[in-house]
Amino acid sequence: MSLSAPPPPSPPTPRTIPVTVFVVALLVVAGVAIAVTAGYYETRPAAAPPGAVSITDDEGRPVAVPSDPARVVVLAPNILDTMFRLGLRSHVVAADCGTPAAGGLATDYNASQIALWNLTQPMCIETSPSVNVPQLLNFTPDLVLASTITSLSDVEEISTTYDIPVVILAPSTLGGIVVDVTLVGEIFNVAPAAEQLVGQLQAALGAAAATVANVTASGAALPTVLLTYYADAAAGPTPGYWTYGPNSFGQSLIEFLGGASIAASTPFPYVELSGAQVLDAQPWCVIYGTGFGVTLSTYQQGPEWSDLTAVQQGRAWAIDSNYLTEADPSMILVTVPTMVHLLNPGT
């Protein structure tokens, strides 16, 4: 998900699984005309095709998908990460590009992702402020994989009007990422690859959980954290730092890694804390997202930044926004090991 300003994008409100429950579980385990394309989908039979796989997506929706679909449109960067890691990039015929006029692929993917995943501008589908459905139809997909960023009205149009199955993959916890890898493996009949990736994810999560357990057993106090993905300048009309509150993915990430969010008692899952609130909390560390035009300078212009003890003592650390805001395997394999050692020095 790209982070642009102002205002910063608000991630979708997720379903929440208590961290303690997750820890227990972890231990247990382009060329077709629009009119022609639209007509094709409107005349497709509503019945599930032979050999279809019946699955339940992250929104609890029952979906019948064709076994190992060959043409897939992916409308979320975190899902493309999973597809690539499972060796399914060749199935992806199109991907979301936010608002192409604002930069196309670069609005949702960083340069390394574009190169690694071999993404090209002809693959782009406009998804902001809504999905360009006629554009999507031109790719004649067998399946659409989306997150809750895609509106329900768009999902209904794609799935009901044109009879294209849409699977929503929107994990709200680290454990949900593991579950979705297994689900994608089932859809594309690549269970061995999914099992291997799940093993890697569980190993990374297990190592992090063990580190946190050892630190907790020592009686050390939980480090307080400001996890922010954008700052409004002190000179602006609404200065402050955008962060994650209760019932958000970011909150569960901090808790799992042995930290205590300074926004834990705020009333909303995605909130902007004023400079005074952050200064009063004096977090032990600040972890901030960069990329898509958001840099250290963005935060340095925020209110009271230089007055924060964490900044003065060198405990303000940047993490690529894609690794900080996208609920995907890379978050577990890259962000989790990084953050667990930042929050638990000496481990």
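The values are calculated or read from the model by the stated rules, or taken from the named source; none is laboratory data. The structure presented is a predicted model; accordingly, all values stated were derived computationally and were not measured. Cβ atoms come from the backbone with ideal geometry, glycine included; neighbour counts cover every protein chain shown.
Structural remarks
- Looking across the range 262-288, just one residue is modelled with pLDDT under 95 and in contact with a helix residue (DSSP H, G or I) (Cβ under 7 Å, 6 or more places away or on another chain), and that is A264.
- If you go through the range 302-331 and keep only what is surrounded by 16 or more Cβ atoms within 10 Å (Cβ to Cβ) and more than 24 Å from L105 (Cβ to Cβ), you end up with G302, P303, E304, W305, L308, A310, V311, R315, A316.
- Positions within the range 250-284 being over 24 Å from A213 (Cα atoms), assigned to a loop (DSSP other than H, G, I, E, B) and of a type in the set (V, I, T), in sequence order: T266
- Test result for L324, out of contact with any Cys (no Cβ under 9 Å at 6 or more places or on another chain) and either at negative phi or of a type in the set (K, R) (or both): yes
- L227 being crowded, with 24+ Cβ neighbours inside 10 Å and outside the structural domain of V278 (by TED's automatic domain parsing): no
- Some residue of the range 77-86 being among the charged types (D, E, K, R) and in a loop (DSSP other than H, G, I, E, B): no
- The residue pairs whose first member lies in the range 121-145 and is on the phi > 0 side of the Ramachandran plot and part of a helix (DSSP H, G or I), whose second member is of a type in the set (A, V, I, L, M) and modelled with pLDDT of 95 or more, and whose beta carbons are closer than 9 Å, counting only pairs six or more residues apart or on different chains, do not exist in this structure.
- Pick from the range 128-176, criterion at pLDDT 95 or above and closer than 13 Å to N78 by Cβ, ranking: surrounded by the most Cβ atoms within 10 Å (Cβ to Cβ): L145
- If the condition is being surrounded by 13 or more Cβ atoms within 10 Å (Cβ to Cβ) and either within 30 Å of D142 (Cβ to Cβ) or among the aliphatic types (A, V, I, L, M) (or both), then the range 208-219 contributes A208, A209, V212, V215.
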